[in-house]
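Scroll down for the structure; my scribbles are underneath it.
The values are calculated or read from the model by the stated rules, or taken from the named source; none is laboratory data. From a predicted model like this one, the values you see are computed outputs, not experimental measurements. Methodologically, a virtual Cβ is constructed for each residue, glycine included, from the backbone with ideal geometry; neighbour enumeration extends over all protein chains shown. Keep in mind that these areas ignore ligands, DNA and RNA; they rest on the heavy atoms of the full protein, side chains included. Shrake-Rupley method; radii C 1.70, N 1.55, O 1.52, S 1.80 Å.
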Amino acid sequence: MPRVSVIGVPNSAGSYAAGQEQAPRALRVAGLLDVLVRRGLEVEDLGDLPEQVWRPDPARPLAQNVDDVAESLWALRARLAPVFAERSGRVLVLGGNCTIALAVVAALRDLGEMPGLRYVDRHLDLNTPATTTDGALDWMGLAHAFALPGSVDEVVDVLGPRPLLRPSQVVVLGADIDKTTEGERRHAADVDLTVISGQRLAADPVGATRIALDRLPDAALAVHLDVDVLDFTDAPLAEDTAGRNSGPGLAALALSLAEAARDPRTVAFSVGELNPTRSRGVPTAVPRFLEVLVETLATAP
């Protein structure tokens, strides 16, 4: 049977507020592991890392809760490295916020890989404390993966040798440039980052995904999904509620993820920024998303 190893990272420390730490539990309670088994997958439950909940951090206002974020990244990297070393099946990481993608890639690199990252996100996550004043590390992930000027040493240092990734190893899929900061746009241009828009992903999810896959290296690939890429009206799941009536719906996202799953290079999926409180009025939202995850993982390379 195809195998999937599942680990939860109940962490909102790097977020704008509390909520994302509830996501792994919400997906488990909704029956994620049981549904995976019913679809014929062998499931290895790696449990959850310790919970970390966002709190205001006036001591580090521009990089809030950075010590908690770094601690969680270190723990996830250490837990995933031996799982990847077994080279048996795929890994699903349930966040949490988008910093988890850094630990996934770092664990792959620990095995001597030069991995690729397909980063599905409405934002570029190229901010640093120098380009934004909100202090939320969850939209600074790629900046720290590239070790851009202004990055926080505590985060970069737990990822191993600098930089964790070069821009040629990354494609951002689903971005809304209007939602980016001036600093992000400048960084993206400076490093020549490949960015495919959310409009293109919504209009042609399979074609956009193939373009992204074609531009990634011939090496192990990780797929990170920030659920804010989704049309919030179709799937009210994300911490960021601004993406209403734009971006792909769940049906389009399912086609994109399945296309990525068919690529034999794809070894890991991670999910970030899912805040279960957003869908309290729509009880079907989390189960619908769960089905997309299951179908993705059940798609054979």
If you go through segment 223-231 one residue at a time, do you hit one that is of a type in the set (A, V, I, L, M, F, W, C) and assigned to a helix (DSSP H, G or I)? yes
Considering only residues that are among the small types (Gly, Ala, Ser) and in a helix (DSSP H, G or I), look in segment 76-119 and name the one that is nearest to Trp139 (Cα to Cα). Ala101
Among the numbered criteria (1) in contact with a helix residue (DSSP H, G or I) (Cβ under 7 Å, 6 or more places away or on another chain); (2) touching a residue at least 40 places away in the same chain (Cβ under 8 Å), which one does Ile196 miss? (2)
Helices (runs of 4 or more DSSP H) (entirely within segment 133-220) containing at least 1 residues that are under 27 Å from Trp74 (Cβ atoms) and out of contact with any Gly (no Cβ under 8 Å at 6 or more places or on another chain): 141-145, 153-157, 182-191
Given (1) touching a strand residue (DSSP E or B) at 6+ places or on another chain (Cβ under 6 Å); (2) more than 28 Å from Asp231 (Cβ to Cβ), identify the lone condition not met by Val105. (2)
Listed by first then second residue, the pairs whose first member lies in segment 271-289 and is touching a residue at least 12 places away in the same chain (Cβ under 8 Å) and under 24 Å from Ala222 (Cβ atoms), whose partner is in a strand (DSSP E or B) and open to solvent by 10 Å² or more (accessible area, probe 1.4 Å), with beta carbons under 6 Å and at least 6 positions apart or on separate chains, are none
Consider Ser168 against the criteria (1) more than 19 Å from Gln64 (Cα to Cα); (2) polar (S, T, N, Q); (3) open to solvent by less than 10 Å² (accessible area, probe 1.4 Å): it satisfies all of them except one. Which criterion is unmet? (3)
Evaluate the following for Asp240: is it surrounded by 19 or more Cβ atoms within 10 Å (Cβ to Cβ), of a type in the set (D, E, K, R) and assigned to a loop (DSSP other than H, G, I, E, B)? yes
Any pair with Cβ under 6 angstrom, 6 or more apart, that starts in segment 82-98 at a residue that is of a type in the set (Phe, Trp, Tyr) and ends at one that is open to solvent by 40 Å² or more (accessible area, probe 1.4 Å): Phe84/Leu111
Only one of Arg77, Arg28, Arg3 is buried (at least 16 other Cβ atoms within 10 Å of the Cβ), touching a residue at least 12 places away in the same chain (Cβ under 8 Å) and over 16 Å from the mean Cα position of the chain (by Cα), namely Arg28
Odd one out for Leu41, checked against (1) of a type in the set (A, V, I, L, M); (2) open to solvent by less than 60 Å² (accessible area, probe 1.4 Å); (3) out of contact with any Pro (no Cβ under 8 Å at 6 or more places or on another chain): (3)
Residues in segment 250-287 that are open to solvent by 20 Å² or more (accessible area, probe 1.4 Å) and not in a helix (DSSP H, G or I) total 10
List pairs: first in segment 239-255 and on the phi > 0 side of the Ramachandran plot, second among the polar types (S, T, N, Q) and part of a helix (DSSP H, G or I), Cβ under 9 Å, 6+ apart or cross-chain? Gly247/Gln199
Just checking, does segment 175-184 include any residue being in contact (Cβ under 8 Å) with a residue 40 or more places away in the chain, touching a strand residue (DSSP E or B) at 6+ places or on another chain (Cβ under 6 Å) and not aromatic (Phe, Trp, Tyr)? yes
Given the residues Asp48, Asp68, Asp57, Asp110, which is the only one that is open to solvent by less than 60 Å² (accessible area, probe 1.4 Å), among the acidic types (Asp, Glu) and closer than 25 Å to Gly160 by Cα? Asp68
Taking segment 113-132 as the region of interest, how many residues are within 26 Å of Gly247 (Cα to Cα) and surrounded by fewer than 24 Cβ atoms within 10 Å (Cβ to Cβ)? 3
